[in-house]
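Student: Structure incoming, see below.
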Amino acid sequence: LAVKETLPAFETFVGDKITTEAGASARVSFNDGSFVNIGKSAAISIIQYIYEPDTKRLKVYIKALKGRARYIQFKWMGTGSAFTVESPTALVSTFAADFVVAVSEEETTVTALEGSVFVRNSYFLTVGNVLMQMNRKTTIGKKTPPSKFETLSPKDRKELIRELSVPR
């Protein structure tokens with residue numbers, strides 16, 4: 001699905017690739033209440049989505065292909081749940097968080113806005129990981145562990161949230 005203008009939430013399916021153009025953004029909403037705000041000139045692919053409301057089990061696996069996207073999942077999840085985002089250089093996991101993944105050709109920057117996220121390199125032989133709390137960011141290059149996290153300034157946080165807000 002190619003998005004040429006800003007779109008509020010719309011229905012998507014496993015296997016869908018959503019790409020936004022330079023002046024567009026989009027929101028992907030899921031049945032469990034989690035959602036992804038996709039920024040300008042960005043692309044994601046939904047690899048897996050399983051939600052079992054009775055057991056509160058949630059399995060989400062998204063590939064971040066390029067650009068910036070904000071991932072928001074705050075509902076309590078049951079045993080065996082996972083919310084995972086993979087980029088060419090990073091693997092990000094959480095149980096409840098609001099975070100941004102920014103993908104370029106050489107590296108990925110992960111920013112935790114709320115909650116906590118676990119970050120490691122997507123290349124399985126690269127040793128090293130980081131557990132980040134709110135207002136922290138790290139950068140992951142090709143075959144390198146995450147950098148020591150940096151504190152996100154209030155100004156940068158506000159700008160990131162503004163940039164990745166999409167009308168409902």
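Student: Accessible area of the chain with a 1.4 Å probe: how many percent of it is carbon plus sulfur?
Tutor: 54
Student: Around Met77, what is the net charge, scoring Lys/Arg as +1 and Asp/Glu as -1 over all other residues with Cβ under 12 Å from its Cβ?
Tutor: Net charge in that neighbourhood comes out at +2.
Student: Can I ask one more? Suppose every Lys and Arg Cβ carries +1 and every Asp and Glu Cβ carries -1, with no other charges. What dipole size does the chain come out with about its Cα centre, to the nearest 20 debye?
Tutor: Computed charge dipole of the chain: roughly 260 debye.
Student: Quick one: order Lys148, Lys40, Lys66 from most to least accessible surface, probe 1.4 Å.
Tutor: Lys148, Lys40, Lys66
Student: Looking at (1) 0.94; (2) 0.99; (3) 1.05, which value of Rg/Rh (Cα atoms, Kirkwood Rh) comes from a calculation on the structure shown?
Tutor: Given (1) 0.94; (2) 0.99; (3) 1.05, the calculated one carries the label (1).
Student: Could you sort Phe118, Phe83, Phe95 by their accessible area in this structure, using a 1.4 Å probe and putting the largest first?
Tutor: Phe95, Phe118, Phe83
Student: Continuing with the same structure: If you take the charge dipole of region 26-168 about its Cα centre, with +1 on Lys and Arg Cβ and -1 on Asp and Glu Cβ, which of Leu164, Ala97, Thr108 is farthest toward its positive end?
Tutor: Positive-end residue among those listed: Leu164.
Student: Moving to a separate point now. Roughly how much of Leu152 is accessible, in Å² to the nearest 10, using a 1.4 Å probe?
Tutor: The value for Leu152 is about 20 Å².
Student: Still on this structure, please answer the following. Send over a whole-number figure in Å² for the accessible area per residue of the chain, probe 1.4 Å.
Tutor: Per-residue accessible area for the chain comes out at 52 Å².
Student: On a 1.4 Å probe surface of the protein chains, which of Thr79, Thr55, Thr89 comes out largest in accessible area, and what is the full order?
Tutor: Accessible-area ranking of Thr79, Thr55, Thr89, largest first: Thr79, Thr55, Thr89.
Student: Nearest 20 debye, what's the magnitude of the dipole of region 23-105 about its Cα centre given +1 on Lys and Arg Cβ and -1 on Asp and Glu Cβ?
Tutor: 180
Student: Leaving ligands, DNA and RNA out of it, work out the accessible area of Lys17 with a 1.4 Å probe and give it in Å² to the nearest 10.
Tutor: 110
Student: In nanometres, what is the gap between the two model label sites at Thr151 and Phe124, each 7 Å from Cα along Cα-to-Cβ?
Tutor: So the label points at Thr151 and Phe124 sit 3.9 nm apart.
The values are calculated or read from the model by the stated rules, or taken from the named source; none is laboratory data. Keep in mind it's a predicted model, so treat the numbers as computed, not measured. Every residue, glycine as well, gets a Cβ built from its backbone with ideal geometry; the counts of neighbours run over all protein chains shown. Surface accessibility is based on the protein's heavy atoms, side chains included, excluding ligands, DNA and RNA. Shrake-Rupley method; radii C 1.70, N 1.55, O 1.52, S 1.80 Å.
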